Each structure stands twice: as structure tokens, then as C-alpha cells.
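Undergrad: Can you read through this structure? Questions will come right after.
All of the numbers you see were taken from the coordinates with simple rules; none came from a lab. Computed from a prediction, not measured in an experiment: that's the story for all the values here. With ideal geometry, Cβ positions are generated from the backbone for all residues, glycine too; neighbour counts draw on all protein chains shown.
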Amino acid sequence: MLNSIGLENVGLEDFLSEKLPSAREYGTHIIASIGGKSVEEFAEIASRFEGVEGVSALEVNISCPNVHAGGMAFGVNPDTAAEVTAAVKHSTSLPVIPKLTPNVTDIAAIAQACQQAGADAICLINTFSGMAIDIHRRRPLLGANFGGLSGAAIRPAALLRAYQVAQAVKVPVIGMGGIMKAEDALEFIIAGASAVQVGTALFVDPLAAHKVKDGIASFLQEEGLSSISELIGSLVLNPV
């Protein structure tokens, strides 16, 4: 899937008053994903979640445009990634989970900077930059010209980055990128992810996350494993 939607949502006030109450009814942990256009905005939004019932952690989307740096994304630079992480960490007692972009040279270095700034976990990856062209009109198909590529096509690249970051940091890693079925999720877990996210697959099958969960449980039973923790980071590389 290639999209240029941006971060379309109802905003903080309506999320707290309209979305969160119904989300609490599911009886599970809720991780709120926040975005901002400046370090100060990230910190302010984070502070608003302090003491809010039902929110267990904050995912910090540092792939948002940084208007103070000519449109550069916060997450492409270790210093700015660390600055946002530290500001959010200072503004909340909730666990802070920066979400990293893959559109960088060394994602492990950025993950390490976030860890040093106080991140409680690292979430990756966001979408890859992509483009599609209408050959008859000679114009980009997306209104914003470029967009984010997600779905099964990016899974091998996402998996590699999850492995690289898991090797580089001591905090938990949450892996994502093209997870469509249980086997995909298990690859991320074996590579070092402590948890996974399912996104684009839900456009194909709204029950995809449930099927992934059930598939993982079945795999553990088949393998005679008592806990998913026995699989986390269990990858053994081939000799080269």
C-alpha cells in the first residue's frame, strides 16, 4: 500500500473525550501514538496524557515533519531523535516508545540515541518512502507526489532493521512492517522483537491481528514452548 494521508486523526481533545472511552471497553492495554511539529509540541501532548485512565504507554512518531528544520523528519538524525525522546520522557511518567523511520543510513545509531535519551522501548519501522506515476498524465498518482510504502512488500527490509536494532539496544523492540500472518510475526520475534504490530494487513482482513495471535499460540504449542519469551532473539546466524 502506498499512501500520502499524513497523520489524519481527530486530534488530542476529541481523542481523549470520544475515542479513548470506547477503547477502554476492550479491556486491554492502550498505547497512544503521538506526533508533533516541534519538540515543544511533542512534550505538551505527552503531558496531557499524564494521569489519563486506560493509557499504558506513548508511541512517539518521530517521522513527522520538523518545521523548524526545513521539513526534515525528527527521526533521521540521532540528535533530534534523542531531543524529542528526552522531552517526552521529561513530560510523562508513562513508558516512552519512539517509532523510527527506515529512511536513514544507520537506524541502529538512531535507536541507540533514543535509548540513551530515556526510551523505554523502540518501535520500528514506519513506512518506506515511495512513488507511483500515472504514465498517461506524466504525473505522480499521489497528490503529495511521494508517500509511504507499507505491506508485505517491505517485510524483509523491515525484518532486517528489527534485527539490527535488537542487537544494538538493551530496551525491548516492537517490530512491524508487512506482517500479514503468524509466520511473519514469528520471524520478527525470533529476530529479537518482544512484540509486533499489525497494520496494513487489517485493510485486507480486519481479523488479521486475531489470526496472528492465535497462530503464534498454535506454533508455541507445536514447538513445545511454554512462553513466547523463549523465542525472542533466538535467531542463530549461518556461518559466513
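Undergrad: Which residues make up the longest stretch of the chain that has no chymotrypsin sites (Phe, Trp or Tyr not before Pro) in a DSSP loop with at most 15 other Cβ atoms within 10 Å?
TA: Here the longest run is 27-145.
Undergrad: I would also like to ask the following. Between Glu222 and Gln167, what is the spin-label point distance in nm, taking each point 7 Å from the Cα along the Cα→C-beta axis?
TA: That separation, rounded to one decimal, is 2.8 nm.
Undergrad: Of all the stretches in the chain, which is the longest one without any exposed loop site, taking trypsin sites (Lys or Arg not before Pro) in a DSSP loop (any state but H, G, I, E, B) with at most 13 other Cβ atoms within 10 Å?
TA: Between the exposed loop sites, the longest stretch runs 38-136.
Undergrad: If you place +1 on the Cβ of every Lys and Arg and -1 on the Cβ of every Asp and Glu, how big does the dipole about the Cα centre of the chain come out, in debye to the nearest 20?
TA: Roughly 620 debye, rounded to the nearest 20.
Undergrad: Something else about it: Using +1 at the C-beta of Lys and Arg and -1 at the C-beta of Asp and Glu, which of Asn77, Ser17, Phe42 has the Cα lying farthest in the positive direction of the dipole of the chain?
TA: About the Cα centre, the residue reaching furthest to the positive side is Asn77.
Undergrad: Pop a pseudo-label 7 angstrom from the Cα along the beta-carbon direction at both Ile133 and Ala152 and give the gap in nm to one decimal.
TA: The answer from the label model is 2.7 nm.
Undergrad: Got a sec? Which residues in the range 133-162 would a label at Asn3 touch, if it sits 7 Å along Cα→Cβ and we count backbone N under 18 Å?
TA: 141-155
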